[in-house]
Amino acid sequence: QKEVEQNSGPLSVPEGAIASLNCTYSDRGSQSFFWYRQYSGKSPELIMSIYSNGDKEDGRFTAQLNKASQYVSLLIRDSQPSDSATYLCAVIGRDDKIIFGKGTRLHILP
Amino acid sequence: EPEVTQTPSHQVTQMGQEVILRCVPISNHLYFYWYRQILGQKVEFLVSFYNNEISEKSEIFDDQFSVERPDGSNFTLKIRSTKLEDSAMYFCASSAFWDSSSYNEQFFGPGTRLTVL
C-alpha cells in the first residue's frame, strides 16, 4: 500500500517566522511531488510542484526534495495569518496515480 | 485566469438515487480527474480520463460510478445508486500534461458537496 505521510498538526508558528512542513512517501519510484493549500471547506490550491532533488523557490515558498530519503518539505518564509490552512502533500507514483497525504494544519499566530 | 468550474455546489439526494456531478475543466487541458474528500479525511483519487477514456481508476471507483465527456467542455461523474457513505465533497481537476517525469500540475474546481440522506 503506497503511503504519503504527514504530521497532522496543528503546527503553530508566530507571524513572520518560518513554517516548515514535512512529508514522506513510500513509493521510491515516485517522480512528481506537489504541495497544495486547502482552506476549510474549500478545494485544494496548488502552490508548489517539484520534480528533481534539491530546492525550488517561488516567492515566500521553498519546496525541498530528497528522493534518497523519500522526503519532501515546504518552507514558508515570513509567515502571514493568511497562510493558516491545511497543507496537503501529493505524490504521483510509478503507477501514475496521485496519492494525497492527510495534510498538516498550520496555524500562524498573530 | 482560467479555472475549473463545478455544478452544483451542493447536491442533496435520497439513498438509491442517481446523481450527476458536472465539471467544466480548463479549456486547453487534456486530462481530467475526479476526487472525493469525506469530511475530515484526505483527498482520494477516483478516476483519471484522457482522450475520451478512463486512464486510471482507484478501488473506490466501482461499478456504481461512471464518467463521461458528453461534449467539448463538460466532464461528468455519475453515481448510479447512491449510498450513505457516498456523502463527501467531490472535486474535479484538470491538467495540461500527463507525464510522471515532467509537468502534470492539476488544478481543482471548487467542489460539489454531496449529501446522501
Taking every other residue with Cβ under 15 Å from the Cβ of B:GLU1 and scoring Lys and Arg +1, Asp and Glu -1, one gets -3
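Can you sort A:ILE76, B:ILE54, A:ILE108 so the residue with the fewest Cβ neighbours within 10 Å comes first?
Details: A:ILE76 23, B:ILE54 12, A:ILE108 20.
Placing the least packed residue first, the sequence is B:ILE54, A:ILE108, A:ILE76.
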For B:ILE54, placing the label point 7 angstrom along Cα-to-beta-carbon and taking the stretch A:63-98, residues whose amide nitrogen sits under 19 Å are A:95-98
What are the ³J(HN,Hα) couplings of the stretch B:7-14, residue after residue, when phi is run through the Karplus curve with 6.51, -1.76, 1.60 and θ = phi - 60°? Round to Hz, x for glycine and proline. 9, x, 6, 9, 10, 10, 9, 8
Rounded to a whole number of µm²/s, how large is the Stokes-Einstein D of the stretch A:27-71 at 10 °C and 1.306 mPa s, given Rh as the Kirkwood radius over C-alpha pairs? 137 µm²/s
Using a Förster distance of 22 Å, the FRET efficiency for B:GLN41-A:ASP95 (Cβ separation, nearest 0.05): 0.55
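I need the GluC sites (Glu not before Pro) found in the stretch B:39-97, filtered to DSSP loop residues with at most 13 other beta carbons within 10 Å of theirs. Before the final figure, lay out the partial values.
Numbers: sites: B:GLU44, B:GLU53, B:GLU56, B:GLU59, B:GLU68, B:GLU85; in loops: B:GLU59.
When the GluC sites (Glu not before Pro) of the stretch B:39-97 are filtered for loop state and at most 13 Cβ neighbours within 10 Å, B:GLU59 remain.
Tell me, what is the percent relative contact order of chain A, built from C-alpha pairs under 8 Å that lie six or more residues apart? Please list the in-between numbers first.
Working: 282 pairs, mean separation 42.2, N = 110.
Averaging sequence separation for qualifying contacts and normalising by length gives 38 percent for chain A.
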Convex hull per residue volume in Å³, alpha carbons only, for chain A: 93 Å³
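Among the chymotrypsin sites (Phe, Trp or Tyr not before Pro) within the stretch B:39-117, which fall in a DSSP loop and have no more than 14 other Cβ atoms within 10 Å of their own Cβ? Working shown, then result.
On the way: sites: B:PHE45, B:PHE49, B:TYR50, B:PHE61, B:PHE65, B:PHE75, B:TYR90, B:PHE91, B:PHE97, B:TRP98, B:TYR103, B:PHE107, B:PHE108; in loops: B:PHE61, B:PHE97, B:TRP98, B:TYR103.
Taking the stretch B:39-117 and a limit of 14 other Cβ atoms within 10 Å, the loop chymotrypsin sites (Phe, Trp or Tyr not before Pro) found are B:PHE97, B:TYR103.
Cross-link list A:LYS2/B:LYS78; A:LYS97/B:LYS42; A:LYS2/A:LYS56: which exceed 23 angstrom alpha carbon to alpha carbon? The partial results should precede the final answer.
Working: A:LYS2/B:LYS78 27 Å; A:LYS97/B:LYS42 15 Å; A:LYS2/A:LYS56 25 Å.
The answer is A:LYS2/B:LYS78; A:LYS2/A:LYS56.
If we count trypsin sites (Lys or Arg not before Pro) as exposed when they sit in a DSSP loop and have at most 14 other beta carbons within 10 Å, what is the longest stretch of chain B that avoids them all?
On the way: sites that count: B:ARG80, B:LYS83.
Excluding the exposed sites themselves, the longest stretch runs over B:1-79.
I'm checking a number: the convex hull volume of the Cα atoms of chain B, normalised per residue, in Å³. What is it? Please report the intermediate quantities before stating the final value.
Working: hull volume 12.4 nm³, N = 117.
That works out to 106 Å³ per residue.
Read-outs: derived from the displayed coordinates by stated rules, not from any lab. Fair warning: this is a prediction, and the values are worked out from it, not measured in the lab. As a convention, Cβ positions derive from the backbone with ideal geometry for all residues, glycine included, and neighbour counts pool all protein chains shown.
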